[in-house]
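Q: Please see the structure below; I have some questions.
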Amino acid sequence: MLPVPVKFFQAGYCTHPEAIVMRGGKWKIANFPAIFALIIHPQQGAILYDTGYSQRFFEETRTFPNRLYAMITPVYLQPGENPASQLEKYGIKPTEIKYIIISHFHADHVGGLWEFPNAQFMCFQSAYNAVKNLRGWNAVKAGFLPGLIPDNFPERVIYVEDTKNIQLPPDFSPFITGFDIFADNSLIAVELPGHATGQLGLILTDTHHQKYFLIADACWLSRAYQEFIQPQKIATILFADSQQYTDTLYKLHILHQNNPHLKIMPTHCAESWKQFGLI
Ligand SMILES: [Zn+2]
């Protein structure tokens with residue numbers, strides 16, 4: 001693969017009892033960081049994978065029904081922790097972000113889209129179609145806050161289905177196909193359905209030749225794919241398709257066994273991010 005520099009950031013976190021997201025977990029409240037990645041592509045420029053939260057989340061959840069979202073997942077974000085401010089401190093202006101690859105449309109993944117006026121968006125069309133017309137209670141139930149999506153989103157989006165469809169190398173078995181989104185073997189999108197329709201996982205290689213598979217919310221904690229542990233039934237109410245969720249989680253479990261050197265990174269696993277020293 002074409003190596004790309006990658007740097008990880010955390011834009012806010014939410015809290016939940018661990019036992020909800022993983023059967024057998026502790027009932028104490030745990031923090032779930034909202035991680036996003038900055039990728040510097042040698043030709044395409046600065047690219048984000050998701051954005052985490054931003055202050056806009058709080059504005060969008062002031063009144064019902066959206067307020068229910070903030071009540072179910074209490075969100076913490078300090079001033080200056082929004083993605084654009086963090087990137088500026090790192091030396092990247094918000095206007096320099098060329099693309100944002102969206103894993104799925106939950107608020108903790110698209111909270112900062114408004115902060116990047118020049119970015120084109122990349123996602124599976126199936127993911128956008130599943131939420132784009134949802135409003136009110138139906139939107140909240142799907143974890144979707146329409147006000148987080150820029151008005152001109154339809155003009156700025158590139159659907160991953162329209163990019164180059166490829167066979168994955170055998171070391172990604174049991175995943176078979178993906179999309180080489182820039183047709184240069186740098187960033188490979190793989191569909192990880194279940195948690196949300198058309199959820200997008202991203203394969204990349206960093207400049208130290210370490211391969212990553214960023215899997216968004218295909219599971220919340222690394223132990224879940226390592227040991228194939230499912231969430232509590234109550235957490236699955238929020239899933240687009242719980243059977244697909246189980247199938248995807250099982251495939252990740254097998255992938256991890258086949259390819260233990262691959263860094264499989266769930267967005268919200270505080271332990272694995274700390275362990276890899278990435279945040
Ligand atoms: Zn999430």
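Q: Of the numbered conditions (1) within 14 Å of the ligand (Cβ to nearest atom); (2) in contact with a helix residue (DSSP H, G or I) (Cβ under 7 Å, 6 or more places away or on another chain); (3) at pLDDT 95 or above, residue 221 satisfies every one except a single condition; which is it?
A: (3)
Q: While we're looking at this one, here's another question. Out of 189, 216, I need the residue that is within 16 Å of the ligand (Cβ to nearest atom) and touching a strand residue (DSSP E or B) at 6+ places or on another chain (Cβ under 9 Å). Which one?
A: 216
Q: Output the number of residues of the range 35-73 satisfying the condition of being of a type in the set (Phe, Trp, Tyr) and closer than 20 Å to residue 8 by Cα.
A: Within the range 35-73, residues that are of a type in the set (Phe, Trp, Tyr) and closer than 20 Å to residue 8 by Cα number 3.
Q: Residue 250 passes all but one of (1) farther than 23 Å from residue 168 by Cβ; (2) free of Cβ contacts under 8 Å to residues at least 60 places away in the same chain; (3) more than 13 Å from the ligand (Cβ to nearest atom); which number fails?
A: (1)
Q: Every residue in the range 224-243 that is under 18 Å from residue 265 (Cβ atoms), in a helix (DSSP H, G or I) and either without any contact (Cβ under 8 Å) to a residue 60 or more places away in the chain or touching a Gly at 6+ places or on another chain (Cβ under 6 Å) (or both), please.
A: 225, 226, 227
Q: List the pairs whose first member sits in the range 58-73 and is of a type in the set (S, T, N, Q), whose second member is not in a loop (DSSP other than H, G, I, E, B), and whose Cβ atoms are under 7 Å apart, counting only residues at least 6 apart or on separate chains?
A: 61/67; 61/69; 61/70; 66/60; 66/140; 73/14; 73/16
Q: Residue 194 fails exactly one of the following numbered conditions: (1) within 14 Å of the ligand (Cβ to nearest atom); (2) free of Cβ contacts under 8 Å to residues at least 60 places away in the same chain; (3) at negative phi; (4) outside any helix (DSSP H, G or I). What is the number of that condition?
A: All conditions pass for residue 194, except number (3).
Q: With the requirement that a residue be in a strand (DSSP E or B), out of contact with any Lys or Arg (no Cβ under 6 Å at 6 or more places or on another chain) and surrounded by fewer than 21 Cβ atoms within 10 Å (Cβ to Cβ), what does the range 197-218 give you?
A: 211
Q: Any residue that is more than 19 Å from residue 17 (Cβ to Cβ), part of a helix (DSSP H, G or I) and without any contact (Cβ under 8 Å) to a residue 40 or more places away in the chain - is there at least one of those in the range 255-272?
A: Yes.
Q: Might you let me know whether the range 141-150 holds any residue that is in a loop (DSSP other than H, G, I, E, B), touching a helix residue (DSSP H, G or I) at 6+ places or on another chain (Cβ under 6 Å) and away from the ligand (no atom under 16 Å from the Cβ)?
A: yes
Q: Restricting the search to the range 177-190, which residues are assigned to a strand (DSSP E or B) and over 17 Å from residue 212 (Cβ atoms)?
A: Scanning the range 177-190 gives a single hit, 177.
Q: Does the range 66-115 hold any residues that are aliphatic (A, V, I, L, M), more than 30 Å from residue 137 (Cα to Cα) and either in contact with a helix residue (DSSP H, G or I) (Cβ under 7 Å, 6 or more places away or on another chain) or within 16 Å of the ligand (Cβ to nearest atom) (or both), and which are they?
A: Residue satisfying the conditions is 87 alone.
Q: Restricting attention to the range 46-65, report how many residues are buried (at least 22 other Cβ atoms within 10 Å of the Cβ) and either part of a helix (DSSP H, G or I) or out of contact with any strand residue (DSSP E or B) (no Cβ under 9 Å at 6 or more places or on another chain) (or both).
A: The total comes to 1.
Q: Which of (1) modelled with pLDDT of 95 or more; (2) farther than 27 Å from residue 198 by Cβ; (3) small (Gly, Ala, Ser) is the odd one out, the single condition residue 80 does not satisfy?
A: The single condition residue 80 does not satisfy is (1).
Q: Return a yes/no flag: does the range 114-135 have any residue that is farther than 26 Å from residue 85 by Cα and charged (D, E, K, R).
A: Looking for residues that are farther than 26 Å from residue 85 by Cα and charged (D, E, K, R), one finds at least one in the range 114-135, hence yes.
Q: Across the range 77-116, what is the total count of residues that are acidic (Asp, Glu), over 12 Å from residue 10 (Cα atoms) and surrounded by fewer than 20 Cβ atoms within 10 Å (Cβ to Cβ)?
A: Total meeting the criteria: 2.
The values are calculated or read from the model by the stated rules, or taken from the named source; none is laboratory data. None of the values given here were measured: they were computed from a predicted structure. In this analysis, Cβ positions are derived from the backbone assuming ideal geometry, glycine residues included, and neighbour counts consider all displayed protein chains.
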